[in-house]
Every structure is written in structure tokens, then in C-alpha cells.
Amino acid sequence: MRAYDTKAGKIIWDFDTAREFQTVNGIPAKGGSMAATGATVADGVVYVNSGYSSMPGNVLLAFSAK
């Protein structure tokens, strides 16, 4: 996942979601493909699904500057 500067087009933030994650409930999770759905933004938090039924992965990620 990447964030770009809207004026210069430069990458200002980059995050690799295809990896293992620690979860809030302690169940192992692994990120994967992000081609199925787009991000959702609410109250300053960006939510993305990493992985879907035909590709490995099963995490919902939340990104915030807080």
C-alpha cells in the first residue's frame, strides 16, 4: 500500500502487507493480495483488506497517524 504526494506524485509512505501480523485476538494472520477491494477511510483511519478467498491472506489492517 502506498500514499502519494498529490502535487509532486512522489511516494510519501509505503507499507508491505504481504507478511505475517500479530493480531489483537492472538490468532495468527498473514497478509496477501489487495486486488479485490479498495480502501475505506473513516474518522482519519484508513482500512484495507489484505487477502481474499482465492489468494492467501486474511487480515483487516487499520492505519492512523494518531
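The values are calculated or read from the model by the stated rules, or taken from the named source; none is laboratory data. Just so it is clear, the structure is predicted and the values come from calculations on it, not from any experiment. Cβ coordinates were reconstructed from backbone atoms using ideal geometry, including for glycine residues, and neighbour counts include every protein chain displayed.
Restricting attention to the range 17-28, the residues being part of a loop (DSSP other than H, G, I, E, B) and without any contact (Cβ under 8 Å) to a residue 12 or more places away in the chain number 6. Taking the range 3-19 as the range and being small (G, A, S) and either within 19 Å of the chain's Cα centre (by Cα) or surrounded by 12 or more Cβ atoms within 10 Å (Cβ to Cβ) (or both) as the test, the residues that pass are A3, A18.
So is G32 loosely packed, with under 10 Cβ neighbours inside 10 Å, part of a loop (DSSP other than H, G, I, E, B) and small (G, A, S) or not? Answer is no for this residue. Scanning the range 36-54 turns up at least one residue that is part of a loop (DSSP other than H, G, I, E, B) and in contact (Cβ under 8 Å) with a residue 24 or more places away in the chain. The residue that is surrounded by the most Cβ atoms within 10 Å (Cβ to Cβ), counting only those in the range 39-66 that are modelled with pLDDT under 85 and over 17 Å from N25 (Cα atoms), is G51. The residues in the range 20-29 that are loosely packed, with under 11 Cβ neighbours inside 10 Å and either over 21 Å from K66 (Cβ atoms) or modelled with pLDDT of 90 or more (or both) can be counted, and the count is 5.
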